[in-house]
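Take a look at the structure set out below.
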2 protein chains.
Amino acid sequence: MTTTIELPAVADFHVHLRDGDMMKTVVPTVRQGGVSVAYVMPNLVPPITSVEQALSYHERLREVDPTTKYLMTLYLSPEITPDVIQKAAATGVIAGVKSYPKGVTTNSAAGVVSYEQYYPVFEAMEKHDLVLNLHGEAPSGPDTTVLNAEATFLPTLLDLHRRFPNLRIVLEHCTTAAAVEAVKQCGPTVAATITAHHLYLTIDQWADNPHCFCKPVAKLPGDRDALVAAATSGDPKFFLGTDSAPHPKTSKIGAKTGRTAAGVFTQPYAAQYIASAFDRAGKLEALKGFLCDFGRRFYKTVEKGWETKEEVEKVSIVLSNEPTQVVAEIGQGEVSVVPFMAGEEVWSLRWKN
Amino acid sequence: MTTTIELPAVADFHVHLRDGDMMKTVVPTVRQGGVSVAYVMPNLVPPITSVEQALSYHERLREVDPTTKYLMTLYLSPEITPDVIQKAAATGVIAGVKSYPKGVTTNSAAGVVSYEQYYPVFEAMEKHDLVLNLHGEAPSGPDTTVLNAEATFLPTLLDLHRRFPNLRIVLEHCTTAAAVEAVKQCGPTVAATITAHHLYLTIDQWADNPHCFCKPVAKLPGDRDALVAAATSGDPKFFLGTDSAPHPKTSKIGAKTGRTAAGVFTQPYAAQYIASAFDRAGKLEALKGFLCDFGRRFYKTVEKGWETKEEVEKVSIVLSNEPTQVVAEIGQGEVSVVPFMAGEEVWSLRWKN
């Protein structure tokens, strides 16, 4: 029996679109994934730490595909001052600031990340209504591994929320039952993104498969089950951020360095992976909230003028349980990227217009 | 200050020497690692399930390097009957039977591995004094991952020991504090091998490095610390079994299949990795027991006539803290293998004779 679901275009609140040739390969796949709004990570080389860099990157993205709306971010670092926050908010294009573990100071006594130096920045973000995006992992330490790095970070999330209750915070790509619980405990200014791949993976899948290896790593079966439950629950605190992270195939399989680059590439099938996972969980009725509504509401995309009410409500994509096979590779040569679940079947998708 | 330690030749009670071209590449590295006795795993393709196969494999190994003593094993499977055990013991070359998880039956009710069909074989092994080598991991299941597979298996070890108290059992390549404790709880007929690489690795090292990925996977820092403590404790229940497992570089980095073959190759530097690890732990005085004495005593190499008392006691290798750099690769083309810690420095080793 064919199941067909018509939805507004998807908003993906965590994407890596890179730069140069990789950008040209990846950016067109945003729309292929059913997505019209992409929240763009700032971790280029060098990272985006000024308003000018962010606006210039925004232009480069629009040159490749102007049909997608790109919301830009800054990389939390000493260059980001309250003045920069004020300027950023005034652009109407920069929506938030992303914090990576290595961009912060470690409080070695408690083993907890300390953000104290950035409190004035967070005050300015509260005032100018920018979102703080947290890569929620504690830095490596004697007792901190890829397995407990997220759980070790959670007290820091709770502390920041207590200090800045009006600061909108997103715990990015949460991977554990503990993280889901921590986000639920917080007030409405705290939300979390969940990726497509973390609805599928556990440690056993990435242990021997470089294309399933990412940070934070997929954890245990109980954690994956908690993520599926949160994503399909209808709780508006949880919405899509794919963390789609393209790496050249050669970097993934370690052919050059002997190491495996961290990142799972899901952009071209973003909505399709989610539809397949929600179908498997028997929760297709929760699809619209997770893919289309909750993230936009948290980020105030209409209120801020990034989208019109009509755009947000217009039925634009058609998802169907008629299977589509995920292609083996996207792009060529140095920018050949292997998508998640290459060769496997997922739901199909087409745009209505 | 130069530290020099003179020892008898090392006995390595868990090696994978493969067959064909890979065998020709790997077998000469046994002696390079300071090893004179190699306990050879039976997981060829097809596996060694008859006395004839084991003897033929023994001959092929001796053709490559007759200076090493090879103790042979059979692969536990329905072909192994009490009659086969009797025949095997009579050869004087076959010393034990290796059990892999997939070779056993799963008792799905309790989630525990059941060896019931092999009880007559174990009785015969007790009678003819062969050793049972356990790959101590429970098969995959809804709640069993690479992380808890060993801990999940431990009740099976305790049960087998209770049923066959005179059967000598080795829990191979133990990787967890829980396994160390379980082995300590058992009587003197139960021992454990510890590899070189598990004295170094935790999950963080193999997560992005295919050359550090093996089964059982390296676990948490507390587990690694427990292994170092056990290996350096002077407890004769713990001795060297490198589980050195060569795979072509192309299989390790997934260039062919997209998957990473499990196995860390340590054979050419076996004693050197251990000396470096014991040095770091400040426990060089425990080196001889772990490398030379405890395994031989457990396996009764002199009593069984595999070695003379003179061979066992003769000072044969010289270990020194003058650093040696681990080579980038061993072998060429299809059998090019990347050793553990390639490019890093370890203790050096030379043979006296």
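None of the figures in this text is laboratory data; all of them are computed from the coordinates on show. Bear in mind that the values here come from a model prediction, so they are computed numbers and not experimental data. Quick reminder, even Gly has a Cβ in these numbers, built from the backbone with ideal geometry, and neighbours come from all protein chains shown.
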Item to check | Radius ratio Rg over Rh of chain A, counting only Cα atoms, Kirkwood formula for Rh | outcome: 0.93
Checklist entry - Do you know the relative contact order of the range B:1-52, to the nearest whole percent, from alpha carbon pairs under 8 angstrom that are 6+ apart? => result 42
Next on the checklist: Looking at the range A:1-159 only, what percent of DSSP beta bridges run antiparallel? Nearest 5 please.
Outcome noted: 20
Checklist outcome for this item: So, relative contact order of chain A in percent, Cα under 8 Å, 6 or more apart, is 19
Next on the checklist: Can you compute 3J(HN,Hα) from phi for each residue in the range B:34-44, using the Karplus curve 6.51 cos²θ - 1.76 cosθ + 1.60 with θ = phi - 60°, rounded to whole Hz and x for Gly and Pro?
Outcome noted: x, 9, 10, 10, 10, 8, 9, 6, x, 8, 7
Next on the checklist: Over 18 Å between Cα atoms: which of B:Lys288/B:Lys314; A:Lys215/A:Lys288; A:Lys69/A:Lys309 fall into that group?
Outcome noted: A:Lys215/A:Lys288
Next on the checklist: Could you compute the net charge surrounding B:Asp208? Neighbours are other residues with a C-beta less than 12 Å from the C-beta of B:Asp208; K and R count +1, D and E count -1.
Outcome noted: +2
Checklist entry - From the backbone phi of the range A:188-193, what are the Karplus-calculated ³J(HN,Hα) couplings (6.51 cos²θ - 1.76 cosθ + 1.60, θ = phi - 60°) in whole Hz, Gly and Pro given as x? => result x, 7, 10, 9, 9, 9
Checklist entry - Which of these, B:His58, B:His173, B:His198, has the largest mean-square fluctuation under a Gaussian network model of chain B (Cα springs below 10 Å)? => result B:His58
Item to check | For the range A:4-351, share of DSSP beta bridges that run antiparallel, in % to the nearest 5 | outcome: 35
Checklist entry - What whole-number value in cubic angstrom gives the convex hull volume per residue for the C-alpha atoms of the range A:233-319? => result 134
Checklist outcome for this item: With one decimal in nm and the nearest listed first, the spacings from B:Leu158 to its own position in the other copies, using label points 7 Å along Cα-to-Cβ, are 3.4
Checklist entry - At what distance in nm do the modelled label points of B:Glu329 and A:Leu158 sit from each other, each positioned 7 Å from its Cα along Cα→Cβ? => result 5.1
Item to check | Max mean-square fluctuation residue, GNM over chain A, Cα-Cα springs under 10 Å, options A:Lys69, A:Lys314, A:Lys184 | outcome: A:Lys314
Checklist outcome for this item: If every Lys and Arg gets +1 and every Asp and Glu gets -1 at its Cβ, then about the Cα centre the range A:4-351 yields a dipole, in debye to the nearest 20, of 200
Checklist entry - Where is the GNM fluctuation largest for chain B (alpha-carbon springs, 10 angstrom cutoff): B:Thr91, B:Thr193, B:Thr156? => result B:Thr91
Checklist outcome for this item: Using the Kirkwood formula on alpha carbons, the hydrodynamic radius of the protein assembly as shown in angstrom works out to 27.6
Checklist outcome for this item: With label points set 7 Å from each Cα along the Cα-to-Cβ direction at A:Glu63 and B:Glu344, the distance between them in nm comes to 4.4
Item to check | Expected 222 nm ellipticity per residue - DSSP helices of 4 or more, -39500 (n - 2.57), all of chain B, to 500 | outcome: -9000 deg cm²/dmol
Next on the checklist: Full-extension gain between B:Ser336 and B:Asp21, please, as 0.36 nm times their residue separation minus the C-alpha to C-alpha distance.
Outcome noted: 112.4 nm
Checklist outcome for this item: Expected unfolding gain across B:Gln32-B:Asp143 under the 0.36 nm per residue rule, minus the alpha-carbon gap, is 35.8 nm
Checklist entry - Within the range A:70-103, whose backbone N sits under 19 Å from a point 7 Å along Cα→Cβ of A:Thr308? => result A:70
Checklist entry - Tell me, in nm to one decimal, what length is gained between A:Asp129 and A:Gln185 on full extension, where the rule is 0.36 nm per residue of separation less the Cα-Cα distance? => result 18.0 nm
Item to check | In the range B:186-273, trypsin sites (Lys or Arg not before Pro) in a DSSP loop with at most 13 other beta-carbon atoms within 10 Å | outcome: B:Lys256
Checklist entry - Between A:Ala229 and B:Lys352, what is the spin-label point distance in nm, taking each point 7 Å from the Cα along the Cα→C-beta axis? => result 6.4
Checklist entry - In peptide B:144-156, how many Cβ atoms from other protein chains are near each Cβ within 10 Å, on average? => result 2
Item to check | 7 Å along Cα→Cβ, label-point gaps from B:Val64 to other copies, nm, shortest first | outcome: 4.8
Item to check | Environment charge of A:Ala149, counting only residues whose C-beta is closer than 10 Å and scoring Lys/Arg +1, Asp/Glu -1 | outcome: -2
Item to check | Net +/- balance of residues flanking A:Val326 in space, Cβ distance below 9 Å, scoring K and R +1, D and E -1 | outcome: -2
Next on the checklist: If each label sits 7 angstrom from Cα along the C-beta direction, how far apart, in nm, is A:Ser50 from its counterparts in the other copies?
Outcome noted: 7.7
Checklist outcome for this item: For the range A:312-325, in residue order, the Karplus 3J(HN,Hα) values (coefficients 6.51, -1.76, 1.60; θ = phi - 60°; whole Hz; Gly and Pro = x) are 5, 9, 5, 5, 10, 10, 10, 9, 9, 7, 5, x, 10, 8
